[in-house]
Structures are given as structure tokens and as C-alpha cells.
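For reference, the structure is listed below as C-alpha cells.
The values are calculated or read from the model by the stated rules, or taken from the named source; none is laboratory data. If you're wondering where the values come from, they're calculated on a predicted model, not measured in any experiment. When we count neighbours, we look across all protein chains shown, and the Cβ atoms used for this are built from the backbone with ideal geometry, even at glycine. Note: areas computed on protein heavy atoms with side chains; ligands, DNA, RNA excluded. Shrake-Rupley method; radii C 1.70, N 1.55, O 1.52, S 1.80 Å.
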Amino acid sequence: MSDSTAHEEPELIQLLTPEGEFVQHPDYPLDITPEEVRGLYRDLVLVRRVDAEAVALQRQGELGLWASLLGQEAAQIGSGRALRPNDMAFPSYRDHGVAWCRGVDHKQLLGMFRGVTNGGWDPAEHGFHLYAIVIGSQTLHATGYAMGVQRDGAVGEDGTAVITYFGDGATSQGDTNEAFNFAAVNNAPIVFFCQNNQWAISEPLERQSRAPIYRRAAGFGFPGVRVDGNDVLACLAVTRKALRNAREGQGPTLVEAFTYRMGAHTTSDDPSRYRPSAETEEWKLKDPISRVWSYLAANDLADDAFFAAVDAEAEELGERVRRDCRALPDPAPLDIFNEVYAEPHTHLERQRAEFADYLASFEGAEGVVR
Amino acid sequence: MSVITYRQALRDTLRSEMHRDENVLLLGEEIGVFEGSYKITEGLLKEFGERRVRDTPIAEEGFVGAAIGAAMLGLRPVVELMTINFSLIAIDQIINHAAKIYGMFGGQTSVPMVIRTPGGGGQQLGATHSQNIELFYSFIPGLKVLAPSTPAEAAAMLRAAIRDDDPVLFLENLGLYNTKGEVPDEEVVAEIGRAAVTREGTDITLIGYSRMAAVTTRVAERLAEQGISVEVVDLRSLRPLDRETIVESVKRTGCAVIAEDDWLTYGIGAEIAASIQEGAFDYLDAPVRRVAMAEVPMPYAKPLETAAMPSAESITTVIHETLSAVGRRVG
């Protein structure tokens, strides 16, 4: 694997080493207070906890499926915290950390994976769209949205930048490559944030791309940068700059966050069947949370009381996640007709009426029909 | 009231809707500088500028996907696909995204976009450029599919499609672009999901849509001279489908022939025939018959292409056969 071109690691932007040493990068100077770093640490710990609870809930049969973000917390929190309220994110299905940064309640994420809702949050309110399930499709939606933002003149310092999240797997899709091209020729205010977690289900990176992913941007005519995806500070700094460039009319940037999917693709697969455990062990040493802990502790930027408080908050959150998940109400059968069309539709009205009659034909049906 | 072509009716409507609503914008291949492969967008780039009329690269999946994103922002993109054949390249964005975002996103984001595209055949464009695959989209919950057959309907239905909050596939037809008809001067907005009895009759119901609606009207006129009274139903909307209008007509006439510009097996006509037997079984005096294209890839050679397509003659023949099966002496 190390001799594969796709796995060369040139120009990896890193501000915080795996050992927790902070090193400024000339192109990405980061001015950050200890309080802000503590805030990022808290984010990382809490989203990892929500994620772990969700995996466990799926194992207990409470969720149909869950796509774990384990290992990718820094890429998501770093980039998510770089966003401003006006910005709009188009995520994929693993981006729970970005959802966290955008203020989406865990109940709404769990509701989707439990299958009791189709996602209840207002994308405009949160600046965070609903999860795209089809690989790469959201990159085009984000590009069209960004072209619309540009058309409306909602750019500049107080304007909107658009960011879209996708994985290494999506870079093989036509949609993603068409999005790159459209964004480039239109100079759209967009950041393509690729979390390269090295695996598209069981397909390793060297079978997906001969060239490093970030270098593809050059062929489309815009900058690409590879950042240490397990370094929350580098992800913050790099994404912040890319968003600023987008707002200021400099067009798209491709950010390749070089990270690793520590868990399964989703709860429906077992990575031990296709992935060497030595590789996973190696990446454990680059854990996104422990390096922030080391940095804070070694520099006396956080005390034991702080770490204990975050742990206690995680415990409390975990308990709340479990309770909230089990309390989510099942939808009523007639709800299937609710969200097919935005406007009234004669077929649906007929089907709804027929189905309501059918449900009402059962004895004691009052509790069923709504 | 003025007499204009189907093409002019579409162009006038795009123009007036763009004046009415700043959020209406056009995207597609060759629609700007080139003014459209079929000149529907002639003059619009000059009038509205690049901000409203966007030429796109040759990437249907790309610009349909981008239009979906623009619609999610609240704009009202009207996309032109050069022909419905090219929708195959964009079919994932149309079926998996335009049609499903509203539902899969919990009703939070509607996709108010229109995909305008001509079907056709009869233009010697060969097998890959002459298909009528509106069935694919008519099959999909979450989409609406409109198929106007006259200039007046083209205007009223395009207006309705642009103002509708759901994604609409708007089916035009290469063979209709030059046809002329009266279009009211005032702005008429069609009701989506309504078929029309375009000619009343008592002997038989003849059902068509798009180009076939125009052909069926001519057939009915010709048969009237022979004393056969044909009731013509223009479907106008393939989804939602107005079953009531079809069924009520067949209840009056007792028999039906469907003319369709697609292939017979699993075609639009199959759904119409099923709807008729469900709704008017006891009223039928003869089996419902369908006239469709020969089930072959469309030939390029003119005589072969003509042979593959349904015609006024083939429809007339099947009407005579149906009436003879009914055993009714007509004319």
C-alpha cells in the first residue's frame, strides 16, 4: 500500500501532531484561544459518545442502521466549526459531527435511522441539509445551490459559502466530477470537503484513485489541499480559509481530509473480513481526540476538573440519547402519503382515502387511523 | 386570441413567467447563444442575460442535479433537456433526487423545478434519439408529468408547471413544435392532473396524448365524414392521471381505442386500458385496443421509420375493427 501513488503523503497540512504538539503552518496561521480549543475537545468527546450510543442502540435493535463516524470526529468538528451561521452544508450520511456543530438535535438524527421520521430539521434554520444517501449526489445539489447564492449576490464578507461533504468513494462518481467542473467554470462559492477515510466499504483507496484525491482539483482548475483529517485545528484552519475564499469570489476549493474510518462502513458490515487489523492499530495512534487532550494537558490549558466535567457531560448525554431514542413515537400508517408531493395530488388523495377506509375496517381501529 | 405555433407559445410563456418571477431561470445545453436546439429559448439570453439564462456543459446529470440544488434554494429553474432521450443520463438525479427529496427530507425542502424536453420520432434521428420514454417518469411518485398537445395547452400547462412546487417533467414533441393554434391573450394557468374531452362523440372513445392527441383529432374529423362519431380524450397529464374523465367517456361510448407514441408492451396505453376495465367493465362492448409503435428500436431510414410509427391510418383501421367487434352498425 505504501508504494501506491494515492497514498503518498506530501503537503499534509498539520497543526497539531499526534503527540499533541502545536506547530503553526505558514499558509494557515491559526489564532485560537485555550477556551476555543477546550470547546473543540468537548465537541469531539460528545459526538464520539452520541455515535457510540447509536451503534449500541442499533445492536439492541433500536435503530435500523447507523453509519459510525468513529475516527472522523476531527474532520467533521474542525470543518463544522469553521462554518458561519449563514453558510450552508450539504452532508452525506456519516456527518453527525457536522450536524452537531449546526445545532441539529440528536433525536432528529436518531429518528431517521430508527425510521420513524424522514428527518425533522429545517435546513434553512440550521444551515445544514438533510443527509444524502446516494453517493455523491449532494455535490451537485450543493453546486447548484452555490450557483444560486452567487446569482442572488449573497456573497462577500457577510455572505453565504456552501460546503458539501462526501467520502473518497464519491470521488469515483460522475456526479462529483461534474460538480467539480460546474463549480469551477462558474466560480461557485463552494468548498468540496472530502473525508478520505481510506475505504469505500471494502474498496481501499488504491483501487479507487491512482492520483491523490486533492490533486484532482488542479485538473478542474481550482485549488486542492490535503489536510490531516485527524487534526481538528488543521481542519478548522484549512476549511475556514477555503470558506473565506469562496465568499470572496475566489471560487471552489477541494479539501481532502486524510483520515480513517475506525469502525465499519455501517452497522451492516464487518470490516474484519476485508481490512487488515494492523492498519487500524496504526491509525489508533493518530486518534483525533487524544492529541487534543495531550495538547491541553501538557500546556496547562485545561485541568482535571475540566476533563472530568466533559466526561460527566458525556455520561449524561449518553443516557439522554438512549432514553430519547426509545421514546421516539412510531409514525401512523397513513403518514406514508404525507410527503410525496408539496402540492395536492389527485392520485395520492384517492389512495389515502382508500387506505383510510381499509384501516377503518378493522375492529377497534380508532387507535390506528389518524 | 392569436394564432401562433406551439414553439412560440412555449417561448412566450417562458418569457412572461421570467418577467413575472425573478426566481425563474433557464438552464440547459445550447439554450443561450445558440438559442435552443429547437429555438424555444430564442431571444431569451439577449433579453434576460446570463444571470437568468445559463448555457451548461454537456452533462445532463450535472445540470439537472445543479438545478435541483438551485430549486432547494428557492429558485424555480426550468431545465431544457435537448430530447427526452438524454434524460437517461440524468435519470438518477430525476428519479432518486428531484422526485424524492421532498419526502426523504421530511417535507422540509420542495423541489420546484421543470424539466422541459421533447419526445418525438418521425424526424429520422435514429434509435437513440427517437424514443418516447415518458413512461419512466410517469411511473414515479414524486414527479408530475405533463404532455400538452396544442399551443394553448402548451402555454397554460407550462405556466402551471413553473408555478407548481413539485418537480414537473414537461413533455414536448418534435412533431408539434411547428403546429399552430389559437392561444388566448390572457394568462391561463392549467389545472394539473386533468384530461380533456377535446371532441364529443357517441360511438367510440379515442384516447391520446401529446402528438397522438393531435393525430386522434384528425382521425375523428375524418371519421365524422363517414358518419362515425368519435369522442376524443386528450390525457394532457400523465401523472397525475385523470382516470375519471377517461372512464366517464367510455361509459358513454361503450368502447375505446388508445393511440400512443411509445411501445405497446407496458406502455402508457396499458395503464389506460387497465383503468378502463377497472372503472367501466360493465359498460364495455368490445375489448379495449391499443395502437402503438412497432416494438423495434426506431429505424433511421425514412420508409422504415414511418412503418414503425402509429399513424392516422393504423388508428382508423383499429377503430373500424373495434366498432365491428361491437357489432354496431355505424354510418
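Observations on the model:
- In segment A:287-301, the residue that is least open to solvent (accessible area, probe 1.4 Å) out of those that are over 23 Å from A:Gln72 (Cα atoms) and not in a helix (DSSP H, G or I) is A:Leu301.
- One residue stands out in segment B:200-241 among those that are within 12 Å of the chain's Cα centre (by Cα) and assigned to a strand (DSSP E or B): the one that is nearest to B:Glu321 (Cα to Cα), namely B:Gly208.
- Residues that are within 14 Å of chain B (Cβ to nearest Cβ), under 36 Å from the mean Cα position of the chain (by Cα) and of a type outside the set (A, V, I, L, M) occur at least once in segment A:326-335.
- Lone unmet requirement of (1) among the polar types (S, T, N, Q); (2) more than 9 Å from chain B (Cβ to nearest Cβ); (3) touching an Asp or Glu at 6+ places or on another chain (Cβ under 7 Å) for A:Gln60: (3)
- Residue check for A:Phe192: open to solvent by less than 20 Å² (accessible area, probe 1.4 Å), assigned to a strand (DSSP E or B) and within 14 Å of another protein chain (Cβ to nearest Cβ): yes
Yes or no, residue by residue, for (1) modelled with pLDDT of 95 or more; (2) more than 14 Å from every other protein chain (Cβ to nearest Cβ); (3) assigned to a helix (DSSP H, G or I); (4) more than 11 Å from the chain's Cα centre (by Cα):
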| position | (1), (2), (3), (4) |
| --- | --- |
| A:Val37 | yes, yes, yes, yes |
| A:Arg49 | yes, yes, yes, yes |
| A:Ala54 | yes, yes, yes, yes |
| A:Ser68 | yes, yes, no, no |
| A:Ala75 | yes, yes, yes, no |
| A:Arg81 | yes, yes, yes, yes |
| A:Val98 | yes, yes, yes, no |
| A:Gly120 | no, no, no, yes |
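- Residue satisfying all of: in segment A:147-165; open to solvent by less than 10 Å² (accessible area, probe 1.4 Å) and assigned to a helix (DSSP H, G or I); farthest from the other protein chains (Cβ to nearest Cβ) among these: A:Val149
- The residues of segment A:302-312 that are without any contact (Cβ under 8 Å) to a residue 60 or more places away in the chain and open to solvent by 50 Å² or more (accessible area, probe 1.4 Å), listed by number, are A:Asp303, A:Asp304, A:Ala305, A:Ala308, A:Ala309, A:Ala312.
- Pairs with Cβ under 7 Å, 6+ apart, first in segment B:56-70 and within 19 Å of B:Phe105 (Cα to Cα), second of a type outside the set (Asp, Glu) and in a loop (DSSP other than H, G, I, E, B): B:Ala67/B:Met113; B:Ile68/B:Val111; B:Ile68/B:Met113
- Evaluation of B:Ala127 against the conditions (1) hydrophobic (A, V, I, L, M, F, W, C); (2) open to solvent by less than 10 Å² (accessible area, probe 1.4 Å); (3) touching a residue at least 40 places away in the same chain (Cβ under 8 Å) shows that the sole unmet condition is (2).
- Number of the condition not met by B:Thr128 [criteria: (1) touching a helix residue (DSSP H, G or I) at 6+ places or on another chain (Cβ under 7 Å); (2) modelled with pLDDT of 95 or more; (3) not in a strand (DSSP E or B)]: (2)
- Spans of helices (runs of 4 or more DSSP H) in segment B:248-331 with at least 3 residues touching a helix residue (DSSP H, G or I) at 6+ places or on another chain (Cβ under 8 Å) and open to solvent by less than 20 Å² (accessible area, probe 1.4 Å): B:268-280, B:312-326
- Restricting segment A:127-146 to residues that are part of a loop (DSSP other than H, G, I, E, B) and more than 8 Å from every other protein chain (Cβ to nearest Cβ), the residue that is farthest from B:Met72 (Cα to Cα): A:Ile135
- Near pairs, Cβ below 7 angstrom, 6+ apart or cross-chain, from segment A:313-334 (without any contact (Cβ under 8 Å) to a residue 40 or more places away in the chain) to any residue that is among the small types (Gly, Ala, Ser): A:Leu334/A:Ala356
- Residue check for A:Leu348: touching a Leu at 6+ places or on another chain (Cβ under 9 Å), open to solvent by less than 30 Å² (accessible area, probe 1.4 Å), at pLDDT below 95 and under 30 Å from B:Asp166 (Cα atoms): no
- At least 3 residues being open to solvent by 10 Å² or more (accessible area, probe 1.4 Å), more than 28 Å from B:Val183 (Cα to Cα) and in the same structural domain as B:Leu174 (by TED's automatic domain parsing) is the threshold, and among the helices (runs of 4 or more DSSP H) wholly inside segment B:1-98 those reaching it are B:60-73.
- Among the candidates B:Gln124, B:Gln108, residue that is touching a Ser or Thr at 6+ places or on another chain (Cβ under 9 Å) and polar (S, T, N, Q): B:Gln124
- Matching residues in segment B:176-195 - criterion: being within 24 Å of B:Pro240 (Cα to Cα) and small (Gly, Ala, Ser): B:Ala190, B:Gly193, B:Ala195
- Here B:Gly36, B:Gly49 are screened, and the one residue that is on the phi > 0 side of the Ramachandran plot and under 22 Å from the mean Cα position of the chain (by Cα) is B:Gly36.
- Taking first residues from segment B:90-114 that are closer than 20 Å to B:Glu29 by Cβ and partners that are acidic (Asp, Glu), the Cβ contacts under 6 Å between residues at least 6 apart in sequence or on separate chains come to B:Ala90/B:Glu60; B:Ala90/B:Glu61; B:Gln93/B:Glu61.
- Hits in segment B:34-63 - residues which are aliphatic (A, V, I, L, M) and at the interface with chain A (Cβ under 8 Å from one of its Cβ atoms): B:Ala59
- Among the residues listed as B:Thr83, B:Thr41, the single one being free of Cβ contacts under 8 Å to residues at least 60 places away in the same chain and not charged (D, E, K, R): B:Thr41
- Among the residues of segment B:147-177, those that are in contact with a Gly (Cβ under 9 Å, 6 or more places away or on another chain), of a type in the set (A, V, I, L, M, F, W, C) and within 16 Å of B:Asp242 (Cβ to Cβ) comprise B:Ala147, B:Leu171.
- Number of the condition not met by B:Ser110 [criteria: (1) part of a loop (DSSP other than H, G, I, E, B); (2) at pLDDT below 95; (3) within 12 Å of chain A (Cβ to nearest Cβ)]: (2)
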